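Take a look at the structure below.
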Amino acid sequence: MKQTDILQEVSKAKDMGKEFVLATIVEGFSGSPGRSGFKLIYYSDGTTKGTLGGGGLEYDSLKICAKTLKSRENSLADFELTEEQMNMGCGGKVKVFFEYFSALRNFYLFGCGHMCQSLSPLLSSLGFRVVAVDNRSDYATKERLPEVDEVICQDYLQFLENWDLHSDDAIAVFTHGHSFDYEILEKIYQQGFAGQYFGLIGSARKVAGFLQKLQIKKGDPFLEKFYSPIGLNVAKVTTAEIAVSIVAEVLAVYNKVKEVSSSRSRMHQHLEK
């Protein structure tokens with residue numbers, strides 16, 4: 001593949017929602033097989049498009065691409081093009097930037113009321129494909145939810161019978177009835193939740209009652225991805241504030257932040273006692 005076609009391939013891969021790593025030579029030695037600007041795409045199935053020039057440079061770069069898919073963190077690597085380092089006699093140094101691109105992430109919102117209206121624009125701004133589901137035809141409309149990618153008017157359980165949840169997807173439940181919330185929770189628990197985040201709105205007492213009814217106890221793997229009452233414990237009064245708290249919690253999950261705290265605490269650590 002010509003290097004000029006790589007950017008088109010990147011655009012195509014993003015549109016298709018594929019997960020991949022883009023490796024780019026940002027600084028190349030004139031005698032190296034790869035020049036500055038050479039790019040290589042590494043997909044999650046191990047296939048590649050493009051080249052960094054081949055040889056030991058590309059071989060070692062592919063290893064870093066595989067690690068980048070797991071860590072999901074961008075990085076910059078220096079390579080010594082010598083016989084000792086990678087069996088290459090070109091000499092000089094090469095810098096390669098490894099950039100991670102996530103797969104298309106769906107966020108399913110059950111309930112198209114005010115909470116959905118407040119939350120959907122925030123999720124859309126973070127790159128989620130937002131799907132809203134409601135069993136009421138006057139609520140499940142594109143006119144009410146312009147930021148939602150797909151609005152579905154259907155019985156909740158019927159929808160769950162045929163949905164295709166991926167490992168990088170998330171859901172939040174805030175329907176207009178406790179019975180609907182419970183039915184959705186029960187169905188998804190029975191199916192086995194394979195996504196990243198499952199948030200359910202409601203009081204701690206309500207949620208505990210749901211879990212006890214389903215005989216879900218401490219230590220159940222389901223609880224590792226189940227967040228309820230939904231959102232971080234900040235000032236939550238309006239639906240807009242609740243939406244912000246939910247998005248903050250979702251970011252913590254996707255960014256693998258184990259303990260959420262204020263960044264200002266790090267500043268205090270540097271102050272003299």
Subject >> Which listed residue is in contact (Cβ under 8 Å) with a residue 40 or more places away in the chain, small (G, A, S), more than 30 Å from E58 (Cβ to Cβ) and in contact with a strand residue (DSSP E or B) (Cβ under 6 Å, 6 or more places away or on another chain), from A132, A140, A172 >> reply: A172
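Of all residues in region 118-140 being within 25 Å of D15 (Cα to Cα) and open to solvent by 20 Å² or more (accessible area, probe 1.4 Å), which is farthest from the chain's Cα centre (by Cα)?
Ranking the candidates gives P121 first.
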Original post:
Looking at region 114-137, which of its residues are in a loop (DSSP other than H, G, I, E, B) and at negative phi?
Top reply: L126, F128, N135, R136, S137
Original post:
What number of residues within region 143-182 are more than 26 Å from R205 (Cβ to Cβ), small (G, A, S) and in a helix (DSSP H, G or I)?
Top reply: 0
Original post:
Which of the residues that make up region 197-206 are open to solvent by 40 Å² or more (accessible area, probe 1.4 Å) and either outside any loop (DSSP other than H, G, I, E, B) or of a type in the set (D, E) (or both)?
Top reply: A204, R205
Subject >> Single unsatisfied condition, A248 versus (1) of a type in the set (G, A, S); (2) part of a loop (DSSP other than H, G, I, E, B); (3) in contact with a Leu (Cβ under 6 Å, 6 or more places away or on another chain) >> reply: (2)
**OP:** For region 166-191, name all the residues that are within 22 Å of R129 (Cα to Cα), surrounded by fewer than 19 Cβ atoms within 10 Å (Cβ to Cβ) and not polar (S, T, N, Q).
**Re:** H166, D168
Original post:
Where residues in region 214-259 are among the β-branched types (V, I, T) and in contact with an Asp or Glu (Cβ under 8 Å, 6 or more places away or on another chain), which of them is surrounded by the fewest Cβ atoms within 10 Å (Cβ to Cβ)?
Top reply: V234
Original post:
How many residues, within region 141-150, are under 22 Å from A194 (Cα atoms) and open to solvent by less than 40 Å² (accessible area, probe 1.4 Å)?
Top reply: 0
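Every residue, every condition in (1) at pLDDT 90 or above; (2) surrounded by fewer than 19 Cβ atoms within 10 Å (Cβ to Cβ), yes or no:
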position	(1), (2)
D15	no, yes
L22	yes, no
L40	yes, no
G53	no, no
Original post:
Among (1) modelled with pLDDT of 95 or more; (2) open to solvent by 20 Å² or more (accessible area, probe 1.4 Å); (3) under 24 Å from E186 (Cβ atoms), where does N162 come up short?
Top reply: (1)
**OP:** Identify, from the list A194, A140, the residue that is part of a loop (DSSP other than H, G, I, E, B) and modelled with pLDDT under 95.
**Re:** A194
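The values are calculated or read from the model by the stated rules, or taken from the named source; none is laboratory data. All values derive from a computational prediction rather than experimental measurement. Virtual Cβ from ideal backbone geometry, glycine too; neighbours counted across all protein chains shown. For the accessible areas, the whole protein counts, side chains as well, though only heavy atoms, and no ligand, DNA or RNA atoms are used. Shrake-Rupley method; radii C 1.70, N 1.55, O 1.52, S 1.80 Å.
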